[in-house]
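Taking it in order: structure first as structure tokens, then the write-up.
The values are calculated or read from the model by the stated rules, or taken from the named source; none is laboratory data. Predicted model only: the values in this text are computed from it and were never measured. In this analysis, Cβ positions are derived from the backbone assuming ideal geometry, glycine residues included, and neighbour counts consider all displayed protein chains.
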Amino acid sequence: MAVLIEGYSIVVNKAQAARKADALAALSTVDSSLHPMALCADNDLLRIGFLDLQAVRVFMTALQEAGLINAADAEAGQSADMVMVTQFGEMEGQCDWLKVQFTKLKDNTLICLAGLNAPEAVKGVAMPKGWTLEHSILKRFFEERSHFMDENYEFVRSEPMHTIYRNPETQREVRLLKLSYVPADKADLQ
């Protein structure tokens, strides 16, 4: 299986975390202060979603103090216990046990998934209980990021899966993955 990645997500390898009693205690402190759709898990992974980067950093620090190793801070040869991934597929640090990919729902909503890095195909997605797009972290994070891009970057063009912006300082193009996939017209693909 895989877990849905929304907003800024901390993905924890459950087997590795289970070997550290302090880490289990720290993970149990996850409470109602989180978004109602913040948690989901499959047999291997726990995903905790956030809208605010500072809140992610605070919680990751607490988990590190409890003994978990963050992929962004792992030293050469050291296996991470957790990693931060955004719903746009950006992973903070190297994490050899995690595979990130995209798929679309029946309504053409693009979603980011994370699963154990295994050769077999993903056979299901763990989503928060009662998940709906309308009330999800996925939608709110996308809307906030789109608003930020519109205010701070220059719009360049729209593609089927991305909106392209230009950073006004560096002049580099930045791709923002769209929330809804619109199939390309075959004439546009030639």
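Annotations
- Filter result (out of contact with any Asp or Glu (no Cβ under 7 Å at 6 or more places or on another chain) and either over 28 Å from LEU176 (Cβ atoms) or in contact (Cβ under 8 Å) with a residue 40 or more places away in the chain (or both)) within segment 102-117: PHE102, LYS104, ASP107, ASN108, THR109, LEU110, ILE111, CYS112, LEU113, ALA114, GLY115
- Residues (farther than 19 Å from THR163 by Cα and in contact with a strand residue (DSSP E or B) (Cβ under 9 Å, 6 or more places away or on another chain)) located in segment 108-127: LEU113, ALA114, GLY115, LEU116, ASN117, ALA118, VAL122, LYS123, GLY124, VAL125, ALA126, MET127
- Inter-residue pairs, beta-carbon under 9 Å, first assigned by TED's automatic domain parsing to the domain that holds CYS40 and within 20 Å of VAL100 (Cα to Cα) and in segment 122-135, second among the aromatic types (Phe, Trp, Tyr) and assigned to a helix (DSSP H, G or I), 6+ apart: none
- Some residue of segment 137-149 being outside any loop (DSSP other than H, G, I, E, B), in contact with a helix residue (DSSP H, G or I) (Cβ under 9 Å, 6 or more places away or on another chain), surrounded by 13 or more Cβ atoms within 10 Å (Cβ to Cβ) and of a type in the set (A, V, I, L, M, F, W, C): no
- Residue match in segment 50-67 (condition: farther than 20 Å from ALA38 by Cβ, in the same structural domain as ALA25 (by TED's automatic domain parsing) and either in contact with a Phe, Trp or Tyr (Cβ under 9 Å, 6 or more places away or on another chain) or surrounded by 14 or more Cβ atoms within 10 Å (Cβ to Cβ) (or both)): yes
- In segment 166-173 there is at least one residue matching the filter, namely being in a strand (DSSP E or B) and at pLDDT 90 or above.
Quick grid of which residues meet (1) assigned by TED's automatic domain parsing to the domain that holds SER9; (2) among the aliphatic types (A, V, I, L, M); (3) within 24 Å of MET1 (Cβ to Cβ); (4) surrounded by fewer than 12 Cβ atoms within 10 Å (Cβ to Cβ):
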residue	(1), (2), (3), (4)
GLN87	yes, no, yes, no
GLU92	yes, no, yes, no
LYS99	yes, no, yes, no
PHE102	yes, no, yes, no
LEU105	yes, yes, yes, no
LEU110	yes, yes, yes, no
THR163	no, no, no, no
LEU176	no, yes, no, no
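- Of all residues in segment 1-44, those being in contact with a strand residue (DSSP E or B) (Cβ under 8 Å, 6 or more places away or on another chain), at pLDDT 85 or above, over 18 Å from THR86 (Cβ atoms) and not in a strand (DSSP E or B) number 4.
- Against the list (1) touching an Asp or Glu at 6+ places or on another chain (Cβ under 8 Å); (2) in contact (Cβ under 8 Å) with a residue 60 or more places away in the chain, the condition LEU68 fails is (2).
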